[in-house]
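Novice: Structure incoming, see below.
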Amino acid sequence: MEYFVVVNEYAKNGSAKQIWQTIHSELVTQGVKFTYKKVNENAVEVAKNFTLDLAEREKSKTVILVVGGNGTLVDVLNGIKQAQRFDLPIGLVPAGIENGFAKAIGLSLNPIVALKQVINTTDKIYYTIGTYQETLRNTQGYFLNNFGIGMDAFITSIYNRKKKRKFFRRGFLPFLTSSISAYYNQEPFSTTVRVSDSYKFFKHVYIMNVANHPYFEGDVSLSPQANIKDKKLDLIVTENMNFIRFFMLIVSLYFHKQLNLKSFHRFKDDQIHLTIKSLEFLQIDGEEHGSQYFDIFFKTTSYPFWFNLSSVPFKERRKK
């Protein structure tokens, strides 16, 4: 196989630059055929143009390898899809702070070990991804991790700013402080949910999250039963939260007991429709997208990736 490597050296607050140097050296040592392109905020365009320019005869022997975090990975996916030619398989060396997709599928977080799981591969493997179509703005796209509206997006925005600090340490504490700040800035909103031809109306919503797997920010799991292999999406709706209920939610998240709360509602399906008539903030796979109204349809589909996870012994996969 020949690899087109999309490298985001700005990932992980710039630490990805050193990771890429290590990966570049290993690719050369292993005699792997590759070219590469460094990106910052243009990964969508780079992946789209590469796919448009690729000769038809080359598609069966080409893999796009991402060295970056969640944002770079989903941008590459959307770029390939925007080209509307063929679904090139994607490999990943996780070089971000959260790396939710890598955790969900069992890809090693050690860059060298993850690279082995990529280059040891001989055939594509398919995983579920989420798609969305927003009719008010006539926009559509794909996500790998989660799609959040309301306080969820506020938390992500505050947490992202924290991640840029020099001595940032990920985990539950920064998530907690981000959540408290978001709670005091989020007004409740109303929404209509359609799942499996059944309609539900909620008047005082704080959090809406459509998840493809359990991992959110700081190893917190909003949707502990979400499963990237079941070809369905998890929808979480939290409503009617005074501060006491909000505090109970945070404590429950820490102990993974949120499904027991009356204010916490969970739905699961391969098709979900949401309508929100107020301006609410949005995040997609941890990237902020401003505020908007929503008339949005979600579905699942499958996409080819380039991993052989079991080609590396389990003990080696757990290396940091």
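Where a number appears in this text, it was derived from the coordinates with a stated rule and is not lab data. All figures in this text were calculated on a predicted structure; none of them were measured in a lab. Cβ: placed from backbone, ideal geometry, glycine included. Neighbour counts: every protein chain shown.
Novice: Can you give the FRET efficiency for VAL28 and PHE201, using 1/(1 + (r/R0)^6), R0 = 41 Å, r = Cβ-Cβ distance, to the nearest 0.05?
Specialist: 0.10
Novice: Which value in deg cm²/dmol, rounded to the nearest 500, describes the helix-derived mean residue ellipticity at 222 nm for the chain, given -39,500 (n - 2.57) per DSSP H run of n ≥ 4 and division by the residue count?
Specialist: About -9000 deg cm²/dmol.
Novice: Once the dipole of the range 132-302 is set up with Lys and Arg at +1 and Asp and Glu at -1 on Cβ about the Cα centre, which of TYR206, PHE172, GLY148 lies farthest towards its positive end?
Specialist: Most positive-ward Cα: PHE172.
Novice: Follow-up. For VAL93, list long-range residues whose amide hydrogen, built 1.01 Å from N in the peptide plane, is under 5 Å from its own amide hydrogen.
Specialist: Sorted by chain and number, the residues that satisfy this are VAL66, VAL67, GLY68.
Novice: Contour minus end-to-end for GLN133 and ASP270, with contour as 0.36 nm per residue of separation and end-to-end as the Cα-Cα distance?
Specialist: Answer, rounded to one decimal: 47.9 nm.
Novice: Further, regarding this structure: What is the order of TYR206, TYR293, TYR303, fewest Cβ neighbours within 10 Å to most?
Specialist: TYR293, TYR303, TYR206
Novice: How big is the Cα convex hull of the range 132-302 in projection, averaged over all directions, in nm²?
Specialist: 9.4
Novice: Order of THR51, THR35 from fewest to most other C-beta atoms within 10 Å?
Specialist: THR35, THR51
Novice: By count of other Cβ within 10 Å, fewest leading, how are VAL67, VAL6, VAL113, VAL251 ordered?
Specialist: The fewest-first ordering by Cβ neighbours comes to VAL251, VAL113, VAL6, VAL67.
Novice: Based on the Cβ-Cβ distance of SER302 and ASN40, what FRET efficiency does E = 1/(1 + (r/R0)^6) give at R0 = 30 Å, to the nearest 0.05?
Specialist: About 0.50, to the nearest 0.05.
Novice: Still on this model: For the chain, evaluate the Debye formula with one uniform point scatterer on each Cα (no solvent term) and list log10 I(q)/I(0) at q = 0.06 Å⁻¹, rounded to two decimals.
Specialist: Once normalised to I(0) and log-transformed, intensities are -0.20.
Novice: For a quick check: with amide H placed at 1.01 Å from N, whose amide H comes under 5 Å from ASP270's, ignoring anything fewer than 5 positions away on the same chain?
Specialist: Hits under the 5 Å cutoff: LEU233.
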